[in-house]
Amino acid sequence: MRLVWLLLTMLAWPVLAQQVVVQKDFVDLRSGPGRGYPIVQVALKNDTLQLLMQRTGWVKVQYRQQQLWLAAAELDNVNVPGSELSIIELWQTEQTPRQWQLGVAAGDFAGTSYYQLSTSYLFSDVISLELSAGQGSGRQASNQLVLLQLGLSPWPHWRVSPYFALGGGVLLTQPRTVLVQTPERSSPLATMELGVNYALTTRVQANVRYRRAVISTDRDINEETNTWLIGLRLAF
């Protein structure tokens, strides 16, 4: 069962060209990917290997100017330099789903400067719920938005991953007038958002997003606004 898990892990393995250090007394290195190939080198404890590629249950490594093969089962016995975790344990840790994200973004809301803070809960790699609060500042008015959006990311493991979201919230508008006192307006709105996430690390994403909003007003015709944002999200 352990070997099956290792093979499945290797199929999605993201650590090619990773430097690792042998932690057991020795590991055998063969001339090819199989038990039928002869052992041509023995890497001793604290020796360094570079992981190059995988083939089923074997990993091609660089060792002392030679390219040889290490059994995938031995990955439990090699660590990333400076870490007490084996490469398999480290990969498992990095792949453990994180359920919360914090985000910050800046851009343009209806022709005004706009800044936004958000927090997201991830039900899965694909589905998330985001609560955001933003501030827009223009010459004629300032705007505050509070939004709740349900997001869908069909390909979450892509380094560049598109997503879309639907939601709604409240827009609070504070007119900037001197001669006439104009009351604040609170308007409900519905939103549709498209965006692209770019994975900088396993925990940090950059994103570009476009949001279309329909604002309900007291007039017969509803207003529509466009928002463009560039931001970062941190998973924890």
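The values are calculated or read from the model by the stated rules, or taken from the named source; none is laboratory data. The shown structure was predicted, so the numbers you read here are calculated from the model rather than taken from an experiment. Glycine gets a Cβ as well: all are built from the backbone with ideal geometry, and neighbour counts include every protein chain shown. Just the protein is used for accessible areas: all its heavy atoms, side chains included, with ligands, DNA and RNA removed. Shrake-Rupley method; radii C 1.70, N 1.55, O 1.52, S 1.80 Å.
What do you reckon, is Gly138 in contact with a strand residue (DSSP E or B) (Cβ under 8 Å, 6 or more places away or on another chain) and crowded, with 16+ Cβ neighbours inside 10 Å? So Gly138 fails the test. Out of everything in segment 218-232 that is modelled with pLDDT of 95 or more and of a type outside the set (S, T, N, Q), what residue ends up being most open to solvent (accessible area, probe 1.4 Å)? It comes out as Trp228.
Being closer than 21 Å to Ala105 by Cβ and in contact with a Gly (Cβ under 9 Å, 6 or more places away or on another chain): is that true of Ile230 here?
On the way: closer than 21 Å to Ala105 by Cβ: yes; in contact with a Gly (Cβ under 9 Å, 6 or more places away or on another chain): yes.
Spelling it out, Ile230 is indeed closer than 21 Å to Ala105 by Cβ and in contact with a Gly (Cβ under 9 Å, 6 or more places away or on another chain).
For Asp125, indicate whether it is closer than 30 Å to Pro175 by Cβ and open to solvent by 40 Å² or more (accessible area, probe 1.4 Å).
Numbers: closer than 30 Å to Pro175 by Cβ: no; open to solvent by 40 Å² or more (accessible area, probe 1.4 Å): yes.
In short, no.
The set of residues in segment 14-42 that are modelled with pLDDT of 90 or more and in a loop (DSSP other than H, G, I, E, B) comprises Gln23, Lys24, Asp25, Ser31, Gly32, Pro33, Gly34, Arg35, Gly36, Tyr37, Pro38.
Every residue in segment 96-122 that is assigned to a loop (DSSP other than H, G, I, E, B) and within 15 Å of Leu171 (Cα to Cα), please.
Residues of segment 96-122 that are assigned to a loop (DSSP other than H, G, I, E, B), as a first pass: 96-99, 110-111.
If the condition is that a residue be assigned to a loop (DSSP other than H, G, I, E, B) and within 15 Å of Leu171 (Cα to Cα), then Ala110 is the only one that fits.
Consider only pairs whose beta carbons are under 8 Å apart and that are at least six residues apart or on different chains; among these, list those whose first residue lies in segment 157-174 and is aromatic (Phe, Trp, Tyr) and whose second residue is crowded, with 18+ Cβ neighbours inside 10 Å and assigned to a loop (DSSP other than H, G, I, E, B). Pairs that qualify, where the first residue is aromatic (Phe, Trp, Tyr) and the partner is crowded, with 18+ Cβ neighbours inside 10 Å and assigned to a loop (DSSP other than H, G, I, E, B), are Tyr163/Ser153.
Does Ser161 meet the test of being surrounded by fewer than 16 Cβ atoms within 10 Å (Cβ to Cβ), in contact with a strand residue (DSSP E or B) (Cβ under 7 Å, 6 or more places away or on another chain), part of a strand (DSSP E or B) and among the polar types (S, T, N, Q)?
Values: surrounded by fewer than 16 Cβ atoms within 10 Å (Cβ to Cβ): no; in contact with a strand residue (DSSP E or B) (Cβ under 7 Å, 6 or more places away or on another chain): yes; part of a strand (DSSP E or B): yes; among the polar types (S, T, N, Q): yes.
Judged against the criteria, Ser161 is not a match.
Suppose the filter is surrounded by 14 or more Cβ atoms within 10 Å (Cβ to Cβ) and touching a helix residue (DSSP H, G or I) at 6+ places or on another chain (Cβ under 9 Å); does Thr202 pass it? Yes. Taken over segment 61-80, the criterion of being modelled with pLDDT of 85 or more and part of a loop (DSSP other than H, G, I, E, B) is satisfied by Arg64, Gln65.
Just checking, does segment 91-100 include any residue being at pLDDT below 90, closer than 22 Å to Pro156 by Cβ and surrounded by 15 or more Cβ atoms within 10 Å (Cβ to Cβ)?
Of all residues in segment 91-100, those at pLDDT below 90 come to 91-99.
Then drop every residue that is not closer than 22 Å to Pro156 by Cβ, which leaves 91-99.
Next, only the ones that are surrounded by 15 or more Cβ atoms within 10 Å (Cβ to Cβ) stay: 91.
Yes, some residue in segment 91-100 is at pLDDT below 90, closer than 22 Å to Pro156 by Cβ and surrounded by 15 or more Cβ atoms within 10 Å (Cβ to Cβ).
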